Amino acid sequence: MPALDSTAPFLPISPYLERPADLQAPLQADAGADVAIVGGGLTGLSTALALKRAGVDAVVIEREFCGFGASGRNAGHLTPAIGKDMPTLLALFGRERAGALARFADHCVHRTEQLIGELGVDCDYRPSGNIMAVVHPKQEKRLRRAADVAATLGAGVRFLEAAEMRERGLPPSFLCGALEAAGGTLHPGKLAMGLRRAALQAGIRIYEQTPVLHVQEGVRSTLRTPRGALRAGRVVMASNAYTREIGRPGRRVFALYDTLFESAPLSDAQLAAIGGWPGREGIYTAHESLESYRLTAQRTIIGGSKGV
(Lines give C-alpha, C1' and ligand atoms only; values in the text may rest on other atoms or scores of the structure.)
Protein backbone atom coordinates (compact mmCIF):
# COMPACT_ATOMS: atom_id res chain seq x y z
CA MET A 1 0.00 0.00 0.00
CA PRO A 2 1.48 3.41 -0.94
CA ALA A 3 2.22 5.84 1.86
CA LEU A 4 -0.22 8.67 2.49
CA ASP A 5 0.83 12.00 1.03
CA SER A 6 1.45 14.13 4.10
CA THR A 7 2.32 17.14 1.90
CA ALA A 8 -1.21 17.49 0.50
CA PRO A 9 -2.50 21.01 1.20
CA PHE A 10 -5.08 21.54 3.93
CA LEU A 11 -8.21 23.25 2.65
CA PRO A 12 -9.81 25.28 5.46
CA ILE A 13 -13.06 25.89 3.56
CA SER A 14 -13.75 23.66 0.58
CA PRO A 15 -12.10 22.43 -2.62
CA TYR A 16 -15.02 23.98 -4.49
CA LEU A 17 -14.55 27.66 -3.72
CA GLU A 18 -12.32 30.33 -2.22
CA ARG A 19 -13.01 33.53 -0.37
CA PRO A 20 -14.33 35.93 -3.04
CA ALA A 21 -12.20 38.88 -4.10
CA ASP A 22 -15.21 41.21 -3.83
CA LEU A 23 -16.05 40.29 -0.22
CA GLN A 24 -18.99 42.45 0.82
CA ALA A 25 -18.59 44.81 3.75
CA PRO A 26 -20.19 43.93 7.09
CA LEU A 27 -23.20 45.74 8.47
CA GLN A 28 -21.74 48.82 10.15
CA ALA A 29 -24.87 50.69 11.30
CA ASP A 30 -28.59 50.23 11.86
CA ALA A 31 -30.59 49.47 8.70
CA GLY A 32 -34.03 48.35 7.60
CA ALA A 33 -35.62 46.05 5.01
CA ASP A 34 -38.89 44.37 4.17
CA VAL A 35 -37.32 40.94 4.67
CA ALA A 36 -34.11 39.94 6.44
CA ILE A 37 -32.55 36.68 5.26
CA VAL A 38 -30.09 35.07 7.66
CA GLY A 39 -27.65 32.95 5.68
CA GLY A 40 -26.17 33.44 2.23
CA GLY A 41 -26.25 29.89 0.90
CA LEU A 42 -28.43 28.39 -1.81
CA THR A 43 -31.63 28.90 0.20
CA GLY A 44 -30.87 32.48 1.23
CA LEU A 45 -29.65 33.67 -2.16
CA SER A 46 -32.44 32.03 -4.18
CA THR A 47 -35.01 33.46 -1.74
CA ALA A 48 -33.52 36.94 -2.10
CA LEU A 49 -33.62 36.67 -5.90
CA ALA A 50 -37.25 35.52 -5.87
CA LEU A 51 -38.25 38.37 -3.54
CA LYS A 52 -36.39 40.88 -5.72
CA ARG A 53 -38.38 39.73 -8.74
CA ALA A 54 -41.55 40.29 -6.69
CA GLY A 55 -40.51 43.84 -5.80
CA VAL A 56 -39.68 43.06 -2.17
CA ASP A 57 -36.66 44.69 -0.51
CA ALA A 58 -34.74 41.76 0.96
CA VAL A 59 -31.35 41.88 2.67
CA VAL A 60 -28.98 38.92 3.11
CA ILE A 61 -26.84 38.68 6.25
CA GLU A 62 -24.01 36.14 6.13
CA ARG A 63 -21.56 35.40 8.95
CA GLU A 64 -18.67 34.49 6.60
CA PHE A 65 -19.19 34.84 2.84
CA CYS A 66 -22.02 33.55 0.67
CA GLY A 67 -21.61 29.84 0.00
CA PHE A 68 -19.24 29.28 2.95
CA GLY A 69 -21.43 26.64 4.63
CA ALA A 70 -23.02 23.47 3.29
CA SER A 71 -23.95 25.19 0.01
CA GLY A 72 -20.30 25.42 -0.98
CA ARG A 73 -19.08 22.08 0.33
CA ASN A 74 -21.79 19.47 -0.36
CA ALA A 75 -21.61 16.32 -2.49
CA GLY A 76 -22.99 18.02 -5.62
CA HIS A 77 -26.12 15.95 -6.31
CA LEU A 78 -29.30 17.67 -7.48
CA THR A 79 -31.90 15.08 -6.58
CA PRO A 80 -35.61 14.84 -5.69
CA ALA A 81 -34.91 12.21 -3.02
CA ILE A 82 -37.19 12.56 0.00
CA GLY A 83 -36.27 9.22 1.53
CA LYS A 84 -35.91 5.69 0.22
CA ASP A 85 -38.74 4.33 2.37
CA MET A 86 -41.58 5.49 0.15
CA PRO A 87 -43.95 2.82 1.50
CA THR A 88 -43.64 4.43 4.94
CA LEU A 89 -44.35 7.85 3.41
CA LEU A 90 -47.48 6.39 1.84
CA ALA A 91 -48.56 4.80 5.13
CA LEU A 92 -48.02 8.02 7.11
CA PHE A 93 -49.64 10.54 4.76
CA GLY A 94 -51.91 8.62 2.41
CA ARG A 95 -51.77 8.39 -1.37
CA GLU A 96 -52.87 11.94 -2.19
CA ARG A 97 -50.44 13.77 0.09
CA ALA A 98 -47.56 11.35 -0.45
CA GLY A 99 -48.00 11.76 -4.21
CA ALA A 100 -48.05 15.54 -3.88
CA LEU A 101 -44.81 15.43 -1.88
CA ALA A 102 -43.12 13.22 -4.47
CA ARG A 103 -44.22 15.46 -7.34
CA PHE A 104 -43.19 18.57 -5.43
CA ALA A 105 -39.68 17.13 -5.00
CA ASP A 106 -39.46 16.70 -8.80
CA HIS A 107 -40.75 20.26 -9.22
CA CYS A 108 -37.97 21.60 -6.96
CA VAL A 109 -35.34 19.94 -9.14
CA HIS A 110 -36.83 21.35 -12.35
CA ARG A 111 -37.11 24.83 -10.81
CA THR A 112 -33.43 24.69 -9.87
CA GLU A 113 -32.58 23.72 -13.44
CA GLN A 114 -34.63 26.67 -14.68
CA LEU A 115 -32.83 29.03 -12.29
CA ILE A 116 -29.42 27.81 -13.48
CA GLY A 117 -30.50 28.47 -17.06
CA GLU A 118 -32.16 31.83 -16.40
CA LEU A 119 -29.13 33.19 -14.55
CA GLY A 120 -26.59 31.61 -16.88
CA VAL A 121 -24.76 29.88 -14.04
CA ASP A 122 -21.93 27.67 -15.30
CA CYS A 123 -21.78 25.01 -12.58
CA ASP A 124 -20.87 21.90 -14.61
CA TYR A 125 -24.48 20.75 -14.33
CA ARG A 126 -25.15 17.43 -16.02
CA PRO A 127 -28.83 16.30 -16.07
CA SER A 128 -27.84 12.65 -15.72
CA GLY A 129 -30.29 11.65 -13.01
CA ASN A 130 -29.25 9.95 -9.79
CA ILE A 131 -29.33 6.30 -8.81
CA MET A 132 -29.95 4.91 -5.35
CA ALA A 133 -27.78 1.81 -5.58
CA VAL A 134 -27.83 -1.57 -3.90
CA VAL A 135 -24.40 -2.60 -2.61
CA HIS A 136 -25.57 -5.70 -0.71
CA PRO A 137 -28.20 -8.22 -1.90
CA LYS A 138 -30.21 -7.74 1.31
CA GLN A 139 -30.99 -4.15 0.24
CA GLU A 140 -32.63 -5.09 -3.06
CA LYS A 141 -36.11 -6.12 -1.90
CA ARG A 142 -36.71 -2.96 0.10
CA LEU A 143 -35.40 -0.65 -2.63
CA ARG A 144 -37.40 -2.44 -5.34
CA ARG A 145 -40.56 -1.98 -3.27
CA ALA A 146 -39.74 1.70 -2.69
CA ALA A 147 -39.20 2.30 -6.42
CA ASP A 148 -42.51 0.63 -7.26
CA VAL A 149 -44.39 2.78 -4.74
CA ALA A 150 -42.65 5.96 -5.93
CA ALA A 151 -43.69 5.22 -9.51
CA THR A 152 -47.33 4.67 -8.50
CA LEU A 153 -47.26 8.03 -6.69
CA GLY A 154 -46.20 9.82 -9.87
CA ALA A 155 -42.49 10.26 -9.15
CA GLY A 156 -40.01 9.86 -12.00
CA VAL A 157 -38.44 6.72 -10.51
CA ARG A 158 -37.87 3.27 -11.96
CA PHE A 159 -35.89 0.24 -10.87
CA LEU A 160 -32.72 -0.71 -12.77
CA GLU A 161 -31.92 -4.41 -12.93
CA ALA A 162 -28.33 -5.63 -12.69
CA ALA A 163 -28.06 -6.06 -16.47
CA GLU A 164 -29.08 -2.45 -17.11
CA MET A 165 -26.57 -1.21 -14.54
CA ARG A 166 -23.85 -3.03 -16.47
CA GLU A 167 -25.15 -1.72 -19.81
CA ARG A 168 -24.82 1.78 -18.40
CA GLY A 169 -21.17 1.11 -17.61
CA LEU A 170 -21.59 1.77 -13.90
CA PRO A 171 -19.02 0.46 -11.40
CA PRO A 172 -19.79 -3.18 -10.56
CA SER A 173 -19.87 -2.45 -6.82
CA PHE A 174 -23.37 -1.11 -7.47
CA LEU A 175 -25.46 -4.24 -8.06
CA CYS A 176 -28.80 -2.71 -9.08
CA GLY A 177 -30.68 0.43 -8.17
CA ALA A 178 -33.53 2.91 -8.48
CA LEU A 179 -33.09 5.65 -11.07
CA GLU A 180 -34.42 9.12 -10.25
CA ALA A 181 -34.76 10.69 -13.68
CA ALA A 182 -35.00 14.28 -12.45
CA GLY A 183 -31.77 16.04 -11.58
CA GLY A 184 -28.13 15.13 -11.90
CA THR A 185 -24.79 16.37 -10.60
CA LEU A 186 -23.12 19.76 -10.42
CA HIS A 187 -20.25 21.79 -8.97
CA PRO A 188 -21.67 23.20 -5.71
CA GLY A 189 -19.15 26.02 -5.35
CA LYS A 190 -19.80 27.34 -8.86
CA LEU A 191 -23.54 27.21 -8.21
CA ALA A 192 -23.27 29.14 -4.94
CA MET A 193 -20.95 31.75 -6.44
CA GLY A 194 -23.20 32.05 -9.48
CA LEU A 195 -26.21 32.84 -7.29
CA ARG A 196 -24.11 35.29 -5.26
CA ARG A 197 -23.02 37.08 -8.44
CA ALA A 198 -26.61 37.23 -9.71
CA ALA A 199 -27.84 38.66 -6.39
CA LEU A 200 -25.21 41.40 -6.40
CA GLN A 201 -25.94 42.23 -10.04
CA ALA A 202 -29.64 42.51 -9.15
CA GLY A 203 -28.77 45.14 -6.52
CA ILE A 204 -29.60 42.97 -3.51
CA ARG A 205 -27.87 44.17 -0.34
CA ILE A 206 -25.57 41.50 1.05
CA TYR A 207 -23.70 41.98 4.31
CA GLU A 208 -20.94 39.41 4.63
CA GLN A 209 -18.66 38.91 7.66
CA THR A 210 -21.76 39.73 9.77
CA PRO A 211 -22.84 37.13 12.34
CA VAL A 212 -26.35 37.49 13.74
CA LEU A 213 -26.09 37.45 17.53
CA HIS A 214 -29.76 37.62 18.47
CA VAL A 215 -33.19 37.90 16.85
CA GLN A 216 -35.76 39.96 18.74
CA GLU A 217 -39.24 39.31 17.42
CA GLY A 218 -41.88 41.98 17.14
CA VAL A 219 -44.07 43.82 14.65
CA ARG A 220 -40.73 44.51 13.02
CA SER A 221 -38.11 42.04 14.14
CA THR A 222 -34.64 43.23 15.11
CA LEU A 223 -31.51 41.29 14.21
CA ARG A 224 -28.55 42.24 16.40
CA THR A 225 -25.07 42.05 14.89
CA PRO A 226 -21.68 43.17 16.29
CA ARG A 227 -21.80 46.64 14.68
CA GLY A 228 -25.44 47.35 13.96
CA ALA A 229 -29.03 46.15 13.94
CA LEU A 230 -31.27 45.24 11.00
CA ARG A 231 -35.02 45.73 11.39
CA ALA A 232 -37.39 43.90 9.07
CA GLY A 233 -41.05 43.00 8.76
CA ARG A 234 -40.20 39.35 8.10
CA VAL A 235 -37.20 37.14 8.85
CA VAL A 236 -36.13 34.08 6.83
CA MET A 237 -33.81 31.73 8.72
CA ALA A 238 -31.64 30.17 6.00
CA SER A 239 -28.73 29.38 8.31
CA ASN A 240 -28.84 25.56 8.22
CA ALA A 241 -26.63 23.93 10.88
CA TYR A 242 -25.64 27.33 12.28
CA THR A 243 -29.22 28.13 13.29
CA ARG A 244 -28.80 26.69 16.78
CA GLU A 245 -25.96 29.12 17.48
CA ILE A 246 -28.50 31.92 17.16
CA GLY A 247 -30.81 30.08 19.53
CA ARG A 248 -33.49 29.11 17.03
CA PRO A 249 -35.30 26.83 16.86
CA GLY A 250 -33.41 25.04 19.58
CA ARG A 251 -33.82 21.31 20.09
CA ARG A 252 -35.60 20.73 16.79
CA VAL A 253 -32.36 21.14 14.80
CA PHE A 254 -29.57 18.57 14.76
CA ALA A 255 -26.29 18.88 12.93
CA LEU A 256 -25.37 16.20 10.38
CA TYR A 257 -21.69 15.69 9.63
CA ASP A 258 -20.70 14.74 6.10
CA THR A 259 -17.21 13.54 5.19
CA LEU A 260 -16.14 13.78 1.54
CA PHE A 261 -13.09 12.78 -0.48
CA GLU A 262 -11.94 13.55 -4.01
CA SER A 263 -9.68 11.26 -6.02
CA ALA A 264 -6.98 12.28 -8.45
CA PRO A 265 -8.17 12.51 -12.09
CA LEU A 266 -8.74 9.04 -13.53
CA SER A 267 -6.76 7.87 -16.54
CA ASP A 268 -8.50 6.20 -19.47
CA ALA A 269 -7.39 2.81 -18.14
CA GLN A 270 -8.64 3.52 -14.62
CA LEU A 271 -11.99 4.74 -15.91
CA ALA A 272 -12.34 1.66 -18.11
CA ALA A 273 -11.53 -0.59 -15.15
CA ILE A 274 -14.63 0.58 -13.28
CA GLY A 275 -16.93 0.27 -16.30
CA GLY A 276 -16.50 3.63 -18.01
CA TRP A 277 -19.41 5.40 -16.27
CA PRO A 278 -20.30 7.22 -19.53
CA GLY A 279 -23.58 8.72 -18.29
CA ARG A 280 -22.00 10.09 -15.10
CA GLU A 281 -25.14 9.36 -13.13
CA GLY A 282 -24.92 10.50 -9.53
CA ILE A 283 -24.96 7.54 -7.17
CA TYR A 284 -25.92 7.23 -3.54
CA THR A 285 -26.40 4.00 -1.68
CA ALA A 286 -29.31 2.31 0.08
CA HIS A 287 -27.59 2.36 3.47
CA GLU A 288 -29.31 3.99 6.44
CA SER A 289 -26.31 6.34 6.58
CA LEU A 290 -25.92 6.68 2.85
CA GLU A 291 -22.75 6.98 0.81
CA SER A 292 -22.62 9.21 -2.29
CA TYR A 293 -20.44 9.13 -5.39
CA ARG A 294 -20.16 11.14 -8.60
CA LEU A 295 -17.76 11.42 -11.51
CA THR A 296 -16.84 15.06 -12.10
CA ALA A 297 -16.12 16.98 -15.27
CA GLN A 298 -12.44 16.75 -14.30
CA ARG A 299 -12.68 12.92 -14.21
CA THR A 300 -12.22 12.77 -10.46
CA ILE A 301 -14.50 10.78 -8.18
CA ILE A 302 -16.08 12.63 -5.28
CA GLY A 303 -17.63 10.45 -2.61
CA GLY A 304 -18.45 10.37 1.05
CA SER A 305 -20.79 9.40 3.81
CA LYS A 306 -22.67 11.03 6.63
CA GLY A 307 -23.32 10.17 10.24
CA VAL A 308 -25.63 11.59 12.85
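Just a few scattered comments:
- Residue, least open to solvent (accessible area, probe 1.4 Å), within the stretch 38-72, restricted to residues that are in a loop (DSSP other than H, G, I, E, B) and farther than 22 Å from Gly247 by Cα: Val56
- Filter result (in contact (Cβ under 8 Å) with a residue 60 or more places away in the chain, at negative phi and in contact with a strand residue (DSSP E or B) (Cβ under 7 Å, 6 or more places away or on another chain)) within the stretch 263-283: Glu281, Gly282, Ile283
- Of the residues making up the stretch 124-172, those that are in contact with an Asp or Glu (Cβ under 6 Å, 6 or more places away or on another chain) and modelled with pLDDT of 95 or more are Ser128, Gly129, Asn130, Ile131, Val134.
- Residue within the stretch 79-89 that is farther than 29 Å from Glu281 by Cβ and among the hydrophobic types (A, V, I, L, M, F, W, C) present: no
- Filtered by the rule that a residue be open to solvent by less than 20 Å² (accessible area, probe 1.4 Å) and either free of Cβ contacts under 8 Å to residues at least 24 places away in the same chain or under 18 Å from His187 (Cβ atoms) (or both), the stretch 117-142 gives Val121, Cys123, Gly129, Asn130.
- Within the stretch 213-222, not a single residue is basic (Lys, Arg) and part of a helix (DSSP H, G or I).
- Residue match in the stretch 182-191 (condition: part of a strand (DSSP E or B), modelled with pLDDT of 95 or more and under 26 Å from Pro127 (Cβ atoms)): yes
- Selection status of Pro172, out of contact with any strand residue (DSSP E or B) (no Cβ under 7 Å at 6 or more places or on another chain), surrounded by fewer than 16 Cβ atoms within 10 Å (Cβ to Cβ), of a type outside the set (D, E, K, R) and more than 30 Å from Tyr293 (Cα to Cα): no
- Within the option set Arg234, Arg227, being assigned to a loop (DSSP other than H, G, I, E, B), surrounded by fewer than 17 Cβ atoms within 10 Å (Cβ to Cβ) and among the basic types (Lys, Arg) holds for one residue only, Arg227.
- Selection from the stretch 166-181 of residues that are aliphatic (A, V, I, L, M) and either in a loop (DSSP other than H, G, I, E, B) or under 19 Å from Asp268 (Cβ atoms) (or both): Leu170, Leu175, Ala181
- Cβ-Cβ distances below 9 Å connect the following pairs, each with a first residue in the stretch 10-30 that is open to solvent by less than 90 Å² (accessible area, probe 1.4 Å) and at pLDDT 95 or above, a second residue that is of a type in the set (Ser, Thr, Tyr) and not in a loop (DSSP other than H, G, I, E, B), and a separation of six or more residues or different chains: Gln24/Tyr207; Ala25/Tyr207; Pro26/Tyr207; Leu27/Tyr207.
- Against the test of being over 30 Å from Ser14 (Cα atoms), crowded, with 18+ Cβ neighbours inside 10 Å and within 18 Å of the chain's Cα centre (by Cα), the options Ala75, Ala102, Ala98 yield a single qualifying residue, Ala102.
The values are calculated or read from the model by the stated rules, or taken from the named source; none is laboratory data. Owing to the predicted nature of the structure, the values given are computational and were not obtained by experimental measurement. Positions of Cβ are backbone-derived with ideal geometry, glycine not excepted, and every protein chain shown enters the neighbour counts. Accessible surface is based on the protein model in full, side chains and every heavy atom, while ligands, DNA and RNA are left aside. Shrake-Rupley method; radii C 1.70, N 1.55, O 1.52, S 1.80 Å.
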